[in-house]
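> Below you'll find the structure I mean.
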């Protein structure tokens, strides 16, 4: 009888490498936030402020910015300018279209005043106006860094 009392059951404790299932929620939240951050960096762009005489019904998130009929972004903010006579519209242009933002680039509103004689402007009655980006002429003074390096290398090799 004394032998039965001296023999005890021993529990074997093993530590897991995983700290616990409760940590899966914050880890998942960090992963999702990281994904959105990476997407914002990849698909971000340049913010452009455009000044118009009138808003013509433009709305943040509801007015498209188009180039050759293709939507490249939407308007992010519409505010009254400091002078009180103009409207400032902010739009973020895709990084892929950054080369179209150069000296002489024009923006105009299509569908600001729908006309039944112009069928393309009737679309604005349903969907609202859109901002059209018209790239300016290429800046003749703008030369890429690669072109400058190539020119310098060509001069150096011709002198030798």
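A short reminder: the numbers here are calculations on the coordinates, not readings from a lab. Model, not experiment: these values are computed from the prediction. Reconstructed Cβ throughout: ideal geometry from the backbone, glycine too, with neighbour counts over all protein chains shown.
> Using packing as a proxy for protection, rank 24-34, 76-86 so that the peptide with the highest average count of other Cβ atoms within 10 Å comes first.
Working: 24-34: 9.9, 76-86: 11.5.
Descending packing order for the listed peptides: 76-86, 24-34.
> Let me ask you something else. Within a 10 angstrom radius of the beta carbon, how do 110, 8 rank from fewest other beta carbons to most?
Working: 110 16, 8 6.
So the ranking, lowest neighbour count to highest, is 8, 110.
> Still on this structure, I have one more. Using the C-alpha atoms of the range 61-110, what convex hull volume per residue, in cubic angstrom, is computed?
Numbers: hull volume 5.3 nm³, N = 50.
About 106 Å³ per residue, rounded to a whole number.
> Sticking with this one: Checking a compactness column here: for the range 13-84, what do you get for Rg(Cα) / (2.2 N^0.38 Å), N being the number of residues?
Details: Rg = 22.0 Å, N = 72, 2.2 N^0.38 = 11.2 Å.
Relative to the rule-of-thumb radius for its length, the range 13-84 sits at 1.97.
> Could you check the spin-label model distance between residue 88 and residue 76? Points 7 Å from the Cα along Cα→Cβ, value in nm.
1.4 nm
> Order these by the 10 Å Cβ neighbour count, fewest first: 67, 133, 41.
Working: 67 17, 133 21, 41 9.
With the fewest neighbours first, 67, 133, 41 line up as 41, 67, 133.
> Relative to the present Cα-Cα distance, how much length would full extension add between residue 15 and residue 59 at 0.36 nm per residue of separation?
Working: separation 44, 0.36 × 44 = 15.84 nm, distance 5.73 nm.
Contour length minus Cα-Cα distance gives 10.1 nm.
> Could you work out the Kirkwood radius for the range 45-145, taking every pair of different alpha carbons, averaging 1/r and inverting it, reported in Å?
By the Kirkwood definition, the hydrodynamic radius is 14.4 Å.
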